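Here the structure is laid out as structure tokens; the discussion comes afterwards.
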Amino acid sequence: MLYAASPRVDWASLLRRSFEVDVLACPSCGGRLRVLGEVTDTAMVGLVLESLGMPTDAPRVARARDPTEWLGEHGVE
Ligand SMILES: [Zn+2]
């Protein structure tokens, strides 16, 4: 039987379990990455993203859709 050592599961383990992604694997050499710090200041986040050439604006929020639009003309097949 498997027992959890702690009620808390770290974020990297949750991402690995949910998406089968190892976010701590270095894409260049396969070594292990470690978190050096966190950036929470909005202005600083913008500067970091900009320096990485990433978008700094939040993605557009799509409006809610009628779920039956997904069913197509003949409904569920
Ligand atoms: Zn590396």
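Per-structure values
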{"read-out": "Residues (surrounded by 10 or more Cβ atoms within 10 Å (Cβ to Cβ) and at pLDDT 90 or above) located in the stretch 42-77", "value": "44, 45, 46, 47, 48, 49, 50, 56"}
{"read-out": "Answer residue from the stretch 33-50, given it is within 17 Å of the chain's Cα centre (by Cα) and not in a loop (DSSP other than H, G, I, E, B) and is farthest from the ligand (Cβ to nearest atom) among those", "value": "45"}
{"read-out": "Selection count, the stretch 17-30, where residues are surrounded by fewer than 10 Cβ atoms within 10 Å (Cβ to Cβ) and assigned to a loop (DSSP other than H, G, I, E, B)", "value": "5"}
{"read-out": "Every pair of residues 6+ apart whose Cβ atoms lie under 8 Å, when the first sits in the stretch 26-55 and is free of Cβ contacts under 8 Å to residues at least 60 places away in the same chain and of a type outside the set (Lys, Arg) while the second is in a helix (DSSP H, G or I) and loosely packed, with under 10 Cβ neighbours inside 10 Å", "value": "none"}
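The values are calculated or read from the model by the stated rules, or taken from the named source; none is laboratory data. Everything quoted here is computed from the prediction, not taken from an experiment. When we count neighbours, we look across all protein chains shown, and the Cβ atoms used for this are built from the backbone with ideal geometry, even at glycine.
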